[in-house]
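In what follows, a single structure is set out as structure tokens and then discussed.
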Amino acid sequence: MRTLLPEPLPAEVRALLERRRRLGQDRKDEVWEGVLHVVPAPSVEHAVVGAQVKRLLATPATGGGMVVTDDFNLGHSSADFRVPDGGLHRDRPRGTWVASAALILEILSPEDETWEKLPFYAAHGVDEVLIVDVEEKRVHWLALLDGAYHSIERSGLVDLRPTELEGQIDWP
């Protein structure tokens with residue numbers, strides 16, 4: 001369900017957003033070209049698989065000189081940013097806004113907008129996008145080529161194939 005509200009926001013909506021902020025429930029919320037996307041916390045299955053994937057990426061990533069992160073703000077400002085579930089970075093990221101990443105990790109949730117984020121990631125020069133589908137027990141590994149993402153059989157960043165990663169995940 002999508003809802004678009006005109007500004008100024010009704011007092012009830014402002015109160016809801018402030019309550020979410022106070023409780024830390026807005027950590028995954030994103031702003032797409034000035035439009036707030038309110039995102040619920042992930043399911044436990046999502047969180048468990050996400051933690052596993054980050055652990056599985058850690059050894060080949062750090063061996064290749066990269067840094068693994070949890071979710072972060074990819075973008076330049078609060079006016080337009082996305083919050084992937086994790087990432088690989090060539091250098092240790094700093095600050096609130098991270099301009100790009102070597103790899104973005106997205107764990108699919110029902111009705112999420114992961115696939116719609118790809119043009120944003122491409123515009124920010126993200127080399128690879130790793131999309132993990134918990135429901136299908138499948139890994140989609142994409143690389144940026146000529147401004148668009150295409151499926152790949154092996155990462156160019158870490159010594160790992162999508163099928164190898166699928167086989168190492170303890171799926172719920």
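The values are calculated or read from the model by the stated rules, or taken from the named source; none is laboratory data. These figures come from a predicted structure and were not determined experimentally. Because the Cβ atoms are built from the backbone with ideal geometry, glycine has one as well, and the counts that use them run over all protein chains shown. In case anyone asks, the SASA skips ligands and DNA or RNA and just uses the protein heavy atoms, side chains included. Shrake-Rupley method; radii C 1.70, N 1.55, O 1.52, S 1.80 Å.
Computed from the C-alpha gyration tensor, the three semi-axes of the ellipsoid equivalent to the range 65-159 are 19, 16, 13 Å, from longest to shortest. Dividing the mean sequence gap of close Cα pairs (under 8 Å, 6+ apart) by how many residues the chain holds gives a relative contact order of 16 percent. For Tyr149, the accessible surface of its heavy atoms amounts to roughly 30 Å² (probe 1.4 Å, protein chains only, rounded to the nearest 10). A simple spin-label model places pseudo-atoms 7 Å from Cα toward Cβ; at Thr3 and Glu116 they are separated by 1.6 nm.
In this structure, Ser78 and Trp171 have a Cβ-Cβ separation that, at R0 = 45 Å, corresponds to a calculated FRET efficiency of about 0.80. Take every Cα pair under 8 Å whose residues are at least 6 apart in sequence, average their separation, divide by the length of the range 76-163, and the relative contact order is 21 percent. The shape of the chain can be summarised by an equivalent ellipsoid whose semi-axes, obtained from the alpha carbon gyration tensor, come to 29, 18, 15 Å from longest to shortest. For the pair Val44 and Arg94, the difference between a 0.36 nm per residue extended length and the Cα-Cα distance amounts to 15.2 nm. On the chain, 53 percent of the accessible area sits on carbon and sulfur atoms, based on a 1.4 Å probe.
May I ask what percent, to the nearest 5, of DSSP beta bridges between residues of the chain are antiparallel? Before the final figure, lay out each step's value.
Working: 23 of 30 bridges.
The antiparallel proportion sits near 75 percent.
For the chain, what is the calculated [θ] at 222 nm in deg cm²/dmol (nearest 500), taking -39500 (n - 2.57) for each run of four or more DSSP H residues and dividing by its residue count?
Calculated at 222 nm, the ellipticity per residue is -8000 deg cm²/dmol.
Based on the reciprocal of the average 1/r between different C-alpha atoms, the Kirkwood radius for the range 42-108 equals 12.3 Å. Once the 1.4 Å probe is applied to the protein heavy atoms, the chain comes out at 57 Å² accessible per residue. Across the range 77-83, rounded Karplus estimates of 3J(HN,Hα) from the backbone phi angles (6.51 cos²θ - 1.76 cosθ + 1.60, θ = phi - 60°) give 6, 5, 7, 6, 7, 10, 10 Hz, Gly and Pro being marked x.
Within the assembled protein chains, the solvent-accessible surface assigned to His124 is about 40 Å², based on a 1.4 Å probe. I need the calculated FRET efficiency for the pair Asp70 and Ala11, taking r as the beta carbon distance and R₀ as 45 Å, to the nearest 0.05. The formula returns an efficiency of 0.85 here. Mean projected area of the Cα convex hull of the range 104-172, taken over all directions, amounts to 4.7 nm².
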